[in-house]
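Here's the structure we're looking at; comments come further down.
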């Protein structure tokens with residue numbers, strides 16, 4: 001049976017590469033993003049699409065209603081506010097944690113029990129090198145990714161031995177639209193999202209004796 005993969009943030013650089021690689025590898029892909037026009041490439045590669053703004057309450061329920069069951073869940077969507085903590089509002093906090101933590105939690109809570117029933121499934125949470133460090137101008141992003149790291153580690157332990165693999169992939173800055181907003185670093189040194197997508201696809205292949213718990217990848221030259 002063809003495996004089904006759900007990818008949030010399907011219109012970003014990593015999301016597009018990942019959806020394309022998954023389709024090419026024989027997965028039936030469900031892509032979720034905010035902009036219907038940006039999602040249109042999915043129809044061209046034989047994938048299904050859903051427009052959903054993950055900042056809005058009810059977005060997770062909308063995704064689950066459209067795609068009730070999957071074999072692979074990739075929580076890739078994220079927002080990256082560049083603001084000092086002292087300049088951030090409670091609205092900034094709520095928005096960042098809704099997209100970066102709450103939605104992954106809600107999707108995991110729905111799909112993992114179904115995966116456990118089949119004793120097969122993978123959940124890949126896309127973190128960031130920021131999950132392991134602080135920052136003077138992206139504090140909320142760092143905090144949300146650190147929270148997602150804790151969620152992933154706990155879920156990994158809860159599901160170990162059930163046939164469900166839950167793990168994190170934490171890349172450094174990537175050559176994406178989000179990456180371009182960080183003008184404090186040299187964009188030319190950023191990671192190629194295609195290479196990150198290829199690594200994630202490689203991780204999806206392991207369903208039996210071996211598992212991958214956490215992966216971190218960084219740039220050779222950090223400038």
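The values are calculated or read from the model by the stated rules, or taken from the named source; none is laboratory data. Predicted model only: the values in this text are computed from it and were never measured. When we count neighbours, we look across all protein chains shown, and the Cβ atoms used for this are built from the backbone with ideal geometry, even at glycine.
Which one of these is out of contact with any helix residue (DSSP H, G or I) (no Cβ under 7 Å at 6 or more places or on another chain), buried (at least 17 other Cβ atoms within 10 Å of the Cβ) and not in a helix (DSSP H, G or I): 73, 6, 54, 50?
That would be 6, the only listed residue that is out of contact with any helix residue (DSSP H, G or I) (no Cβ under 7 Å at 6 or more places or on another chain), buried (at least 17 other Cβ atoms within 10 Å of the Cβ) and not in a helix (DSSP H, G or I).
May I ask you to verify whether residue 134 is farther than 24 Å from residue 59 by Cα, out of contact with any helix residue (DSSP H, G or I) (no Cβ under 9 Å at 6 or more places or on another chain), without any contact (Cβ under 8 Å) to a residue 40 or more places away in the chain and not in a helix (DSSP H, G or I)? So residue 134 fails the test. Note on region 30-56: residues that are in contact (Cβ under 8 Å) with a residue 40 or more places away in the chain and out of contact with any strand residue (DSSP E or B) (no Cβ under 9 Å at 6 or more places or on another chain) total 1. If I ask for residues that are at pLDDT 95 or above and either in contact with a strand residue (DSSP E or B) (Cβ under 8 Å, 6 or more places away or on another chain) or surrounded by 24 or more Cβ atoms within 10 Å (Cβ to Cβ) (or both), which ones from region 78-112 would you list? Selection gives 92, 96, 100, 103, 104, 107, 108, 111, 112. Of the residues making up region 125-138, those that are in contact with a strand residue (DSSP E or B) (Cβ under 8 Å, 6 or more places away or on another chain) and at pLDDT below 95 are 126, 127, 128, 129, 130, 131, 132, 137, 138. The set of residues in region 109-122 that are touching a helix residue (DSSP H, G or I) at 6+ places or on another chain (Cβ under 7 Å) and within 11 Å of residue 69 (Cα to Cα) comprises 110, 112, 121. The single residue among 115, 174 that is surrounded by 19 or more Cβ atoms within 10 Å (Cβ to Cβ) and modelled with pLDDT of 95 or more turns out to be 115.
Take the conditions surrounded by 14 or more Cβ atoms within 10 Å (Cβ to Cβ) and in a strand (DSSP E or B) and apply them to residue 30. Does it pass? Steps first, answer last, please.
Numbers: surrounded by 14 or more Cβ atoms within 10 Å (Cβ to Cβ): yes; in a strand (DSSP E or B): yes.
Criteria met by residue 30.
Does region 59-69 include one or more residues that are in contact (Cβ under 8 Å) with a residue 60 or more places away in the chain, part of a loop (DSSP other than H, G, I, E, B), touching a helix residue (DSSP H, G or I) at 6+ places or on another chain (Cβ under 6 Å) and within 23 Å of residue 168 (Cα to Cα)?
Step one: filter region 59-69 for residues in contact (Cβ under 8 Å) with a residue 60 or more places away in the chain, giving 67, 69.
Now narrow it down to the ones that are part of a loop (DSSP other than H, G, I, E, B): 67, 69.
Those still in the list that are touching a helix residue (DSSP H, G or I) at 6+ places or on another chain (Cβ under 6 Å) too: 69.
Subset that is within 23 Å of residue 168 (Cα to Cα): 69.
Yes, some residue in region 59-69 is in contact (Cβ under 8 Å) with a residue 60 or more places away in the chain, part of a loop (DSSP other than H, G, I, E, B), touching a helix residue (DSSP H, G or I) at 6+ places or on another chain (Cβ under 6 Å) and within 23 Å of residue 168 (Cα to Cα).
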